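The structure under discussion appears below in the form of structure tokens.
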Amino acid sequence: MPVTRGLYNARLWYALPMQFDFSLALAAVFMLATVSSAQDLTTKKTLNLAVAKKIAAAAEAEARKNNWNVVITVLDEGGNLLYLQRMDGTQIGSIDVAIAKAGSAIKFKRPTKVFEEAVKGGRNAILSLPGAIPVEGGEPIVSEGNIIGAIGVSGVQSDQDGMIARAGAAAVK
């Protein structure tokens with residue numbers, strides 16, 4: 001047995017350097033591919049909590065100026081909730097509506113007012129679009145020509161929600 005084990009170990013040590021060299025070469029190829037693709041990546045701005053709070057503060061200022069109580073939501077560009085604020089006295093049903101309005105603005109890259117006006121104009125097919133909310137109050141948030149998120153507002157009449165949402169979206173330059 002000891003002789004067989006010795007031969008087996010000798011063969012293993014003989015094959016190991018060749019296997020190691022192949023693995024090293026393969027790792028080098030992957031590293032070069034990674035470096036090349038990393039250079040091709042673009043840089044883009046994204047929303048963070050601090051900016052979301054500024055957006056909501058601008059929207060809240062507009063609402064308070066008019067004595068309106070609303071829910072204000074800010075979503076990131078993936079449609080994920082980043083910030084939610086429910087002013088005192090606002091009905092809880094407005095929470096889901098505000099999130100849906102912002103989600104619609106993200107998904108379709110346009111204010112929800114566009115859908116409301118289309119339905120008013122007789123384009124009822126809009127109602128069958130998944131995720132399209134035909135009620136004003138959802139606005140995309142744009143920075144340097146790119147949509148980086150959306151704000152949704154609900155709690156008062158839809159045109160008033162829209163005024164508040166536009167005030168919030170305008171806080172991003």
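Miscellaneous remarks
- Dipole size of the range 67-173 about its Cα centre, with +1 on Lys/Arg Cβ and -1 on Asp/Glu Cβ: approximately 220 debye, rounded to the nearest 20.
- Alpha-carbon centroids, the range 49-94 and the range 114-167: separation in whole Å: 15 Å
- The range 97-172: radius of gyration and largest Cα-Cα distance (Dmax), Å: 11.5, 34
- Taking the range 38-173 and dividing mean pair separation by its residue count, relative contact order in percent (alpha carbons under 8 Å, at least six apart): 29 percent
Any read-out appearing in this document is the output of simple, stated calculations on the displayed coordinates, not a laboratory observation. Everything numeric in this text was worked out from a predicted model, so none of it was measured. Methodologically, a virtual Cβ is constructed for each residue, glycine included, from the backbone with ideal geometry; neighbour enumeration extends over all protein chains shown.
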